[in-house]
Amino acid sequence: MANVVQVPELIIHIVENLASSTRSLLACSLVSSAWYLCVRPYLFATVCLRGQRTPLITRIPAFLACIKPTNSIGQYIQTLLFREGQRKDPYVNSTVLASLFPHLPCLHSLYLIDIAFKGAEIPLPHLEPPRKIRSLSFRFKASESYTVQHVLDILGLFSHVDELRLSSDDPEGDEIIRGSEGNPATSVHVPGQPFTISKFILNPGMHVYNSMLVRLGETRSVLIEYLDVGIFVRNDLDWEDLGALTRNNRATIQTLIFKPRNPWFEPPLIVLRRPFLYMHRNLPNLQSLQSFTLHHEILNQSELHFPKIWALLSASLLELPISLHHIKLVLLPRMHPLPEVILSPIKLWSRDGLSWEVIRKAFDRLTALETATFINDGKFLPTPHPRIHHDGVLEKIKAELSQLARSSLVIRYETVERQCDI
């Protein structure tokens, strides 16, 4: 039974039952050993650790004993998730994680969800060479206190992350990772050590992580290939830091998803210019860029500013490097902070009286361009008939870009259902 390739339906049923129960990790050992050998690769593929009546940190030794080679469970764990439980004082640190990694040879995903970090109290032992990991995700709580050094110590365990995702439970909050030198005796990162991030996702925006990103750039040689970043247009220093991050990775960034966010109130036009000024200064230098996505929020009351924003948007596209293969332009109405407020429909791509001449010129110089996708929010369409709206807008866009539409360029129009702020 242990050598079968297909998992019997009954075993799948057992695994599903165990996943929805509160039994311990070893609950399946109650089944015969043959069944246990067959089921455990599927049972232990994903493991979640959380503090319940006792702090999470006190459970680590028991978990460590569980995954040591004598039990051979560690070889099946692919995803490890730390999550806050009933106790409000669980924490992890680089020492805890470093003690687990040697016993998790197949680990490819690590999630740290709402967990506080606490510096190690004793110097770290000799570590294995930094490892690669497929997915590393942090979600920070605004109510917790995080320091730059503790986050960098965890990042220092890795030389390559396929996807590094940073998020916060307070999208409108201030910087959440505060500068601190920490305890130098416990630091695991080596200044100048290369750190490759294939896909770097920063939500809700730069303002939450500025100190950490600056310090990371000072202590590691960071290479980013895919950057997905949000930024509040009103924060002056954020634009400087984003510009530095882009310039430092101008030779390696192949995909850029750029999501400037406007305040709910109508800001001065000089503030609305900032995203396009960033594009003007940085896009021409991204000579490896193959895919670019721009999210831009339109305020419902910005009828006066929209033609000016359209002109700025069109002109900024002239700065795109000729290496570009794919472009997505996402125009979205700014979501109201109160979810019960229903916004009136707003015309975006199909609006009359807009000049497409500069956009045609921008696309015409992109000789490698394969797809151009125009996107709107499906919740705020000016017609109750989505298909009629879709076909009508797509026809208008193709008419405006008629010469390009007859070439090999694929032009698309899409709508998205957005439940919250981008």
(message) For a 32 Å ceiling on Cα separation, which of these pairs sit above it: Lys118/Lys199; Lys132/Lys259; Lys141/Lys308; Lys308/Lys396; Lys132/Lys361?
(response) Lys141/Lys308; Lys132/Lys361
(request) Between Gln290 and Ser99, take the C-beta separation as r, use R0 = 35 Å, and let me know the FRET efficiency to the nearest 0.05. (result) 0.30
(request) Can you tell me the FRET efficiency between Val410 and Ala65 if r is taken as the Cβ-Cβ distance and R0 is 51 Å, rounded to the nearest 0.05? (result) 0.35
(request) Could you check the simple spin-label distance between Glu218 and Arg360, using points 7 Å along Cα→Cβ, in nm with one decimal? (result) 5.2 nm
(request) Once you have the Cα-Cα distance between Leu237 and Ile270, take 0.36 nm times their residue separation minus that, and quote the gain in nm to one decimal. (result) 10.3 nm
(request) Within the set of other residues whose C-beta is less than 13 Å from the C-beta of Gln75, count the net charge using Lys and Arg as +1 and Asp and Glu as -1. (result) +2
(message) Can you order the peptides 316-328, 357-369 by their average number of other Cβ atoms within 10 Å per residue, highest first?
(response) 316-328, 357-369
(request) Just add up the charged neighbours of Glu400: K/R +1, D/E -1, any other residue whose Cβ is under 11 Å from the Cβ of Glu400. (result) +1
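No value in this document is a laboratory result; all are computed from the given coordinates. Treat the numbers as computed from the prediction; the structure is a model and nothing was measured. Backbone-built Cβ (ideal geometry, glycine too); neighbour counts: all protein chains shown.
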